[in-house]
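Engineer: Input: one structure, supplied below.
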Amino acid sequence: MMRIGIIGAGHIGGNVARRLALAGHEVIVSFARNEAGLAALAAEIGGAVAKPSDAARADVVVLSVPWGVIDDALRAAGPLDGRIVIDTTNQFGRGGALDLSGRTAARVNAERMPGARYTKSFNTLTAAFQAAAANRAEPERVVQWIAADDAEAKAVTAALVSDAGYVSVDLAGIDNCAVMEAPRRAGAVYGEEYRAADADAVVAAVRAGSPIPPTPVY
Ligand SMILES: NC(=O)c1ccc[n+]([C@@H]2O[C@H](COP(=O)([O-])OP(=O)(O)OC[C@H]3O[C@@H](n4cnc5c(N)ncnc54)[C@H](OP(=O)(O)O)[C@@H]3O)[C@@H](O)[C@H]2O)c1
């Protein structure tokens, strides 16, 4: 059992909170304008409402706010040194996916939280799909890709992805995970359902710097 601090418990963060609470983790939720909604979620999952600075001291911190709110959320969280962070965010602005000048969104965010043990996951599938598809039986179980440079943090995130009811797949490091980032497009896994049987070939292609195989159809 781990203590999980959610910063931004909306569609995605709320689903992660629910899934991990169901799996027996202690979940605290934080950072909302609608405090009553946050309290209702905490009551529903048997968790607690906390300040972002408390969530930031949990064993694992889940950051799940809109791209434009990340700096505010990190300011409210305070230092994340040594913390394992799971970033679920995507780089959307008013006009759609943002151009980050060749940098991955993971790299941009990892640099916004120096000292954190950064991982990225739960970001490629819609919140409704993630909620509906959790806990499927093999072989239909759905992949949640993981990007990280810190092997131990990656392993912890993988275990939590699994606890949440998905297949965890170690895809790439922070700088070569563009295929799991927005926007949805040909040649990327972002926005697409994958199952374990189709994941290895994607990982091999990404490691080789080659185009990934065609998107599977289920
Ligand atoms: N939705 C999806 O299908 C999906 C899929 C994959 C990844 N993502 C990514 O995951 C991240 C979270 O997305 P989401 O859909 O879960 O967002 P969301 O439902 O809007 O949740 C955002 C959370 O942050 C809180 N928050 C606190 N201050 C806020 C502020 N100033 N403005 C907006 N929200 C604030 C919101 O609570 P209050 O509203 O009470 O303030 C809410 O709990 C985003 O980066 C998104 O790109 C989303």
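The values are calculated or read from the model by the stated rules, or taken from the named source; none is laboratory data. Note that the coordinates shown come from a computational prediction; the quantities given were computed from them, not determined experimentally. Cβ placement follows ideal geometry from the backbone for every residue including glycine, while neighbour counts extend to all protein chains displayed.
Engineer: How many residues does region 7-27 hold that are surrounded by fewer than 23 Cβ atoms within 10 Å (Cβ to Cβ) and of a type in the set (A, V, I, L, M)?
Structural biologist: Within region 7-27, residues that are surrounded by fewer than 23 Cβ atoms within 10 Å (Cβ to Cβ) and of a type in the set (A, V, I, L, M) number 3.
Engineer: Anything in region 111-134 that is more than 16 Å from the ligand (Cβ to nearest atom), in contact with a helix residue (DSSP H, G or I) (Cβ under 8 Å, 6 or more places away or on another chain) and part of a loop (DSSP other than H, G, I, E, B)? List them, or say none.
Structural biologist: A116, the sole residue that qualifies.
Engineer: Suppose we filter region 18-34 for residues that are over 14 Å from D59 (Cα atoms) and near the ligand (Cβ under 10 Å from one of its atoms); how many remain?
Structural biologist: Qualifying residue count for the region: 5.
Engineer: In the set A148, A172, A159, A205, which member is more than 16 Å from the ligand (Cβ to nearest atom), modelled with pLDDT of 95 or more, farther than 23 Å from A97 by Cβ and not β-branched (V, I, T)? First the steps, then the outcome.
Structural biologist: On the way: A148 fails: farther than 23 Å from A97 by Cβ; A172 fails: farther than 23 Å from A97 by Cβ; A205 fails: farther than 23 Å from A97 by Cβ.
Answer to the selection: A159.
Engineer: So R75 clears everything in (1) closer than 19 Å to V16 by Cα; (2) within 16 Å of the ligand (Cβ to nearest atom); (3) exposed (fewer than 12 other Cβ atoms within 10 Å of the Cβ) except one condition, right? Which one?
Structural biologist: (1)
Engineer: Looking only at region 14-39, count how many residues are among the charged types (D, E, K, R) and part of a helix (DSSP H, G or I).
Structural biologist: 3
Engineer: Something else now. Which of the residues that make up region 4-13 are within 11 Å of the ligand (Cβ to nearest atom) and either without any contact (Cβ under 8 Å) to a residue 60 or more places away in the chain or in a loop (DSSP other than H, G, I, E, B) (or both)?
Structural biologist: Across region 4-13, the qualifying residues are I6, G8, A9, G10.
So that you can scan it fast, the table gives a plain yes or no per residue for (1) under 29 Å from R18 (Cα atoms); (2) among the polar types (S, T, N, Q); (3) surrounded by fewer than 21 Cβ atoms within 10 Å (Cβ to Cβ):
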{"position": "V161", "(1), (2), (3)": "yes, no, no"}
{"position": "V169", "(1), (2), (3)": "yes, no, no"}
{"position": "A182", "(1), (2), (3)": "yes, no, yes"}
{"position": "A188", "(1), (2), (3)": "yes, no, yes"}
{"position": "G191", "(1), (2), (3)": "yes, no, yes"}
{"position": "R195", "(1), (2), (3)": "yes, no, yes"}
{"position": "P211", "(1), (2), (3)": "no, no, yes"}
